[in-house]
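Engineer: Here it is: the structure, laid out below.
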Amino acid sequence: MEPMRCDSPAPSERPGPSGQNVSALRDSGPELPGSSAPLNNMLRDIVQHLLDHAPHAEFFRATPSPVIVHDYRDYVSADADVTLGGMQERAASHGYASVSQFRADLHQLLRNAAAYNGRGGGKHAYEPVIHWAVDLCAVAEERLGTALAAQASADLDLAAQQASEHSHRS
């Protein structure tokens, strides 16, 4: 079975909570120019929004306890482990250099959910977790799109203002 990705259709082809089909999600995207601080602040805010508002997001805050889910590492290696808490910490420490790195973490979170909870998965596998991860990716992508559009608009406004100031000086 091929691993599921945030940018490929979910098995049921069902749309995320906003009505956006998961196939609309992509691996790469625009980068914010300059310092990584504005980018990471935006990404941290997106993860916080997920934790505060997205259904079942709390399930993805941390790695499952090995005491309860003793076979999790049989399906998800420690170096492939991605959690919302870890993504929030990475953004807070300005660890994302690009939007595509953030999206890669979202994709890995979904792959991990599918690896453990899919057919032939772990002892405590629960298939709805895969759908929760798909929905989480859709909400994250929707918020990311809104934030990037707002940033692009602000950049255009600034460029227009600077051009106007430059033409008045000439």
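Engineer: For region 65-150, just run the numbers: alpha carbon Rg, then divide by 2.2 N^0.38 Å, N being how many residues it has.
Structural biologist: Working it through for region 65-150, the quotient is 1.18.
Engineer: Continuing with this model, one more query. In units of 2.2 N^0.38 Å, what is the alpha-carbon radius of gyration of region 105-170?
Structural biologist: So the Cα radius of gyration is 2.01 times the expected 2.2 N^0.38 Å.
Engineer: Okay, next question. Given a 1.4 angstrom probe, what's the average accessible area per residue across region 71-170, in square angstrom?
Structural biologist: Heavy-atom accessible area per residue stands at 51 Å².
The values are calculated or read from the model by the stated rules, or taken from the named source; none is laboratory data. Model, not experiment: these values are computed from the prediction. We work out accessible area using only protein heavy atoms, side chains counted, and drop any ligands, DNA or RNA first. Shrake-Rupley method; radii C 1.70, N 1.55, O 1.52, S 1.80 Å.
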